[in-house]
Amino acid sequence: MLNHAVDKELRNLLEESISSSKEELAEVETLLKENGVGHPPTPPERPVASLEEIPVGARFLDNEIAGKLSADTAAGLISCSTIMGQAIREDIAMLSLNSMVKKQY
C-alpha cells in the first residue's frame, strides 16, 4: 500500500508502521529460535514502484489505505490482548504487551 499512498503524512505513518512491524517480527523470530521452534521463511520484500507506474484503475485511494491501516491496527491490538490473556509464560505476555504499546502510539 505504500506504493499507492499520495499523502505525505499517510506515507510517513505507513513507513513507521512497517518499521515497527519489522522490529516485532525480529523479536518473535529471536524468541522462536531461542526455544527451538522452526518458522517458515519470510517472503521477499515488495519492490518500490512509482505512483505513475500503477494504472489508475488499480490504485488504492488514500482513504482506502487509511481504513485498511486502521483495521489492521485494531486487529493487531486485539491479537496482542488475546495473547496476553492466554499466555502461560511471562516473557511472551510482555512481548505482546510491548507490541501493543507500540501500536497505540
Quiz item: Limited to segment 13-58, what total is found for residues that are part of a helix (DSSP H, G or I), surrounded by 10 or more Cβ atoms within 10 Å (Cβ to Cβ) and among the β-branched types (Val, Ile, Thr)?
Solution: 3
Quiz item: Is there any pair with a first residue in segment 9-32 that is free of Cβ contacts under 8 Å to residues at least 60 places away in the same chain and farther than 17 Å from residue 80 by Cα and a second that is assigned to a helix (DSSP H, G or I) and among the small types (Gly, Ala, Ser) whose Cβ atoms are under 9 Å apart and which are 6 or more apart or on different chains, and what are they?
Solution: 10/66; 13/66
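Filter segment 31-55 down to the residues that are under 29 Å from residue 94 (Cβ atoms) and of a type in the set (S, T, N, Q), then identify the one that is nearest to the chain's Cα centre (by Cα).
In this case the residue turns out to be 42.
Being of a type in the set (S, T, N, Q), more than 30 Å from residue 8 (Cβ to Cβ) and over 13 Å from the mean Cα position of the chain (by Cα) is the requirement here; does residue 81 meet it?
Here the answer is yes, as residue 81 does meet what is asked.
When segment 1-38 is examined, which residues are found to be basic (Lys, Arg) and over 13 Å from residue 69 (Cα atoms)?
First, the residues of segment 1-38 that are basic (Lys, Arg): 8, 11, 22, 33.
Listed by number, the residues that qualify are 8, 22, 33.
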Exercise. Mind counting the residues in segment 13-66 that are in contact with a helix residue (DSSP H, G or I) (Cβ under 6 Å, 6 or more places away or on another chain) and over 26 Å from residue 96 (Cβ atoms)?
Key: 1
Self-check item: Qualifying positions in segment 56-78 - more than 14 Å from the chain's Cα centre (by Cα) and polar (S, T, N, Q)
Solution: 63
Quiz item: If we scan segment 3-12, do we find a residue that is at pLDDT 90 or above, within 23 Å of residue 96 (Cβ to Cβ) and surrounded by 12 or more Cβ atoms within 10 Å (Cβ to Cβ)?
Solution: no
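The rows are residues; the columns are (1) surrounded by fewer than 11 Cβ atoms within 10 Å (Cβ to Cβ); (2) part of a helix (DSSP H, G or I); (3) basic (Lys, Arg); (4) touching a residue at least 40 places away in the same chain (Cβ under 8 Å).
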site	(1), (2), (3), (4)
63	yes, yes, no, no
66	no, yes, no, yes
70	yes, yes, no, no
76	no, yes, no, no
80	no, yes, no, no
83	no, yes, no, no
92	no, yes, no, yes
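The values are calculated or read from the model by the stated rules, or taken from the named source; none is laboratory data. Keep in mind it's a predicted model, so treat the numbers as computed, not measured. Glycine gets a Cβ as well: all are built from the backbone with ideal geometry, and neighbour counts include every protein chain shown.
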